[in-house]
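J.: One structure is given below, represented as structure tokens, and several questions about it will come after.
The values are calculated or read from the model by the stated rules, or taken from the named source; none is laboratory data. This is a predicted model, so every value here is computed, not measured. As a convention, Cβ positions derive from the backbone with ideal geometry for all residues, glycine included, and neighbour counts pool all protein chains shown.
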Amino acid sequence: MSYLLSGTAANTTLRVFAADTTALVQLARERHDLSPTATAALGRSLTGALLTAQVLTKRDQDRVTLRIQGDGALGYIVAEGGLDGAARGYVKNPDADLPPRVSDNKLDVGGLVGKNGEFAVMRLLENTEPYTGSVPLVSGEIADDLAAYLWQSEQIPSAVLLGVHLDSSGVTHAGGILIQAIAGAADSTLAQLEQNIANLGQLTNAMRTIGLLGAVQQTLEGLDLALQPDALALEFKCRCSMERSLASLVYFSSSERQEMIEAGGQEVICHWCGQKYQVLPEQIRSLE
């Protein structure tokens, strides 16, 4: 099960959110038939959206959507998350891939996304107009870009760690940590946090050896971490339905819908989650 931990540290001058999204990212990979590097890119983005929702929203029905557009072969990424723990998303080119980086043999997410582009965040809050802010891409590696957005557009100084690890069987570990510095955080606190993050190394390596909880504890070592007792369940979950799939066919002309009827129906695929709906001829006729 995927889940999210939350808490504070350093006398509440740090807010901490950490997610294990392994199962969630694996399901996203299966639904969209993603290449390994595309899996890592979307997985980091889905995790980032869920973590960002903890910072920028207040109600379960509020949503945060990340849209990452670079000049790499992946095209764009769209990832949505909310306080209710539900996330969904997709990439433009799910089969795009690159060899691992020569320098460290890690998946080349930054290369697949590209460095010339935009990192945008849209907040959809109850009873308000959607608000979108954006910053130029920093690296295409997602975590750096999210931290840059939170600082430049929201004035929220944050440390962001995101990672996805795969083997031949699929996603073995995926997750993220977001630590927000509140006004009044001491320089010594921030220096200790920076050193702890450097000591942690790759997040997915730490998750493999000490688990998400161990990684969080190591990241906040010496800073009086206090976690909430209950974890939030996370899932790859969409708001699509057969009813919405049928309604989408309204935008086709009568002649086009007649062709669907004569062909025995129409398959509708949700671009958000990859779910397939088979709309029957009699259902299409009901639109007339």
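J.: I'd like the residue in segment 238-282 that is in contact with a Gly (Cβ under 8 Å, 6 or more places away or on another chain) and of a type outside the set (A, V, I, L, M) and, out of all such residues, is surrounded by the fewest Cβ atoms within 10 Å (Cβ to Cβ). Can you show your working first?
T.: Keep residues of segment 238-282 that are in contact with a Gly (Cβ under 8 Å, 6 or more places away or on another chain), which gives 272, 278-281.
Subsequent filtering for residues that are of a type outside the set (A, V, I, L, M) retains 272, 278, 281.
Details: Trp272: 19, Gln278: 12, Pro281: 16.
Filtering segment 238-282 for residues that are in contact with a Gly (Cβ under 8 Å, 6 or more places away or on another chain) and of a type outside the set (A, V, I, L, M), the one surrounded by the fewest Cβ atoms within 10 Å (Cβ to Cβ) comes out as Gln278.
J.: Still on this structure, I have one more. Give me the pairs, please: first residue somewhere in segment 52-71 and more than 24 Å from Gly110 (Cβ to Cβ), second residue anywhere and part of a helix (DSSP H, G or I) and small (Gly, Ala, Ser), beta-carbon distance under 8 Å, and either six or more positions apart or on two chains.
T.: Asp62/Ala53; Arg63/Ala53
J.: For Gly222, all conditions in the list (1) in contact with a helix residue (DSSP H, G or I) (Cβ under 7 Å, 6 or more places away or on another chain); (2) among the small types (Gly, Ala, Ser); (3) at pLDDT below 95 hold save one; what is the number of the exception?
T.: It fails just one condition, (3).
J.: Can you pull out the helices (runs of 4 or more DSSP H) entirely within segment 102-218 that have at least 1 residues that are touching a residue at least 12 places away in the same chain (Cβ under 8 Å) and surrounded by fewer than 15 Cβ atoms within 10 Å (Cβ to Cβ)?
T.: Working: elements: 109-113, 143-152, 187-200.
The helices (runs of 4 or more DSSP H) meeting that bar are 187-200.
J.: Any chance you could count how many residues in segment 219-251 are closer than 24 Å to His32 by Cβ, of a type in the set (A, V, I, L, M, F, W, C) and not in a strand (DSSP E or B)?
T.: So the answer is 6.
J.: With respect to Tyr3, is the statement that it is free of Cβ contacts under 8 Å to residues at least 40 places away in the same chain and either in contact with an Asp or Glu (Cβ under 8 Å, 6 or more places away or on another chain) or surrounded by fewer than 23 Cβ atoms within 10 Å (Cβ to Cβ) (or both) true? Steps first, answer last, please.
T.: Details: free of Cβ contacts under 8 Å to residues at least 40 places away in the same chain: no; either in contact with an Asp or Glu (Cβ under 8 Å, 6 or more places away or on another chain) or surrounded by fewer than 23 Cβ atoms within 10 Å (Cβ to Cβ) (or both): yes.
Here the answer is no, as Tyr3 does not meet what is asked.
J.: Inside segment 219-259, can you point out the residues that are closer than 30 Å to Gln195 by Cα and either charged (D, E, K, R) or without any contact (Cβ under 8 Å) to a residue 40 or more places away in the chain (or both)?
T.: Answer for segment 219-259, where residues must be closer than 30 Å to Gln195 by Cα and either charged (D, E, K, R) or without any contact (Cβ under 8 Å) to a residue 40 or more places away in the chain (or both): Glu221, Gly222, Asp224, Pro229, Asp230.
J.: Oh, and also: Going by the structure shown, is Ala53 under 24 Å from Gly222 (Cβ atoms), modelled with pLDDT of 95 or more and among the aliphatic types (A, V, I, L, M)?
T.: Numbers: under 24 Å from Gly222 (Cβ atoms): no; modelled with pLDDT of 95 or more: yes; among the aliphatic types (A, V, I, L, M): yes.
No; evaluated as a whole, the condition is false for this residue.
J.: From Thr47, Thr12, grab the single residue that is crowded, with 24+ Cβ neighbours inside 10 Å and either in a helix (DSSP H, G or I) or out of contact with any Asp or Glu (no Cβ under 9 Å at 6 or more places or on another chain) (or both).
T.: Numbers: Thr12 fails: crowded, with 24+ Cβ neighbours inside 10 Å.
So the residue among Thr47, Thr12 that is crowded, with 24+ Cβ neighbours inside 10 Å and either in a helix (DSSP H, G or I) or out of contact with any Asp or Glu (no Cβ under 9 Å at 6 or more places or on another chain) (or both) is Thr47.
J.: If only one of Val64, Val25 is of a type in the set (A, V, I, L, M), part of a helix (DSSP H, G or I) and on the phi < 0 side of the Ramachandran plot, which one is it?
T.: Values: Val64 fails: part of a helix (DSSP H, G or I).
Just one listed residue meets the conditions, Val25.
J.: Ala40 versus (1) under 24 Å from Cys240 (Cβ atoms); (2) crowded, with 24+ Cβ neighbours inside 10 Å: which is the lone unmet condition?
T.: With (1) under 24 Å from Cys240 (Cβ atoms); (2) crowded, with 24+ Cβ neighbours inside 10 Å applied to Ala40, the lone miss is (1).
J.: If we keep just the residues of segment 56-101 that are buried (at least 22 other Cβ atoms within 10 Å of the Cβ) and of a type in the set (Lys, Arg), which is nearest to Leu46 (Cα to Cα)?
T.: Within segment 56-101, the match that is nearest to Leu46 (Cα to Cα) is Arg88.
J.: Separate question: With respect to Ala40, is the statement that it is touching a helix residue (DSSP H, G or I) at 6+ places or on another chain (Cβ under 9 Å), among the small types (Gly, Ala, Ser) and part of a helix (DSSP H, G or I) true? Before you say what the answer is, go through the steps one by one.
T.: Values: touching a helix residue (DSSP H, G or I) at 6+ places or on another chain (Cβ under 9 Å): yes; among the small types (Gly, Ala, Ser): yes; part of a helix (DSSP H, G or I): yes.
Considered against the rule, which asks whether it is touching a helix residue (DSSP H, G or I) at 6+ places or on another chain (Cβ under 9 Å), among the small types (Gly, Ala, Ser) and part of a helix (DSSP H, G or I), Ala40 comes out as yes.
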